[in-house]
Amino acid sequence: MNDRADVVAKPLTGIGDCSVRIVDRDRVAVVAASMPAENDVAELADVFGLLADPGRLRVLVALLEGEMCVCDLAAVSGASESAVSHHLRLLRAHRVVHVRRKGRMAYYRLADAHVRMLLDVALTHIGHAPAAAHPEHDPSSGERS
């Protein structure tokens, strides 16, 4: 059984003071212990900030279909090659996309399954895409290819 205690809220008077009531100390302790480090939270906020830009999201959604070069990404996203290159530079810096070079050409892809899953879940959430749609799936199964 949880040790529930109501702590009387008091005005914020110093850095160590708290104006929040703790109802379930055990639950608060478990959650506090599982919180990521501050630098991890900051990095996550940076990634979500990158995803908040519609232009970058169009590039990432295009990459759900597989590897593409800057020219093709510009054509499909409706952005200039310069804008797409800038988006890709930021996305690479935050390990959201990877690049493969072949001669003078550079081909971009999503960095890993976690990025794909994040995009899939977000698209499913807004009702735009079926759950777990991946280009790797067998096209004969009726799933998106």
Estimated inter-spin distance, SER80 and ARG21, nm [label 7 Å along Cα→Cβ]
5.6 nm
Can you work out ³J(HN,Hα) from phi for every residue in region 44-49, in order, using Karplus 6.51 cos²θ - 1.76 cosθ + 1.60 and θ = phi - 60°, giving whole Hz and x for Gly and Pro?
5, 4, 4, 5, 5, x
Mean shadow of region 19-118, computed from the convex hull of its alpha carbons, in nm²?
8.7 nm²
Built amide H within the under 5 Å cut-off of ALA106, gap 5+:
VAL70
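Every number here is computed from the coordinates shown, using simple stated rules; none is lab data. Please read these numbers as outputs of a predicted model, since none were measured by experiment. Cβ sites come from the backbone with ideal geometry, for glycine too, and all protein chains shown count toward neighbours.
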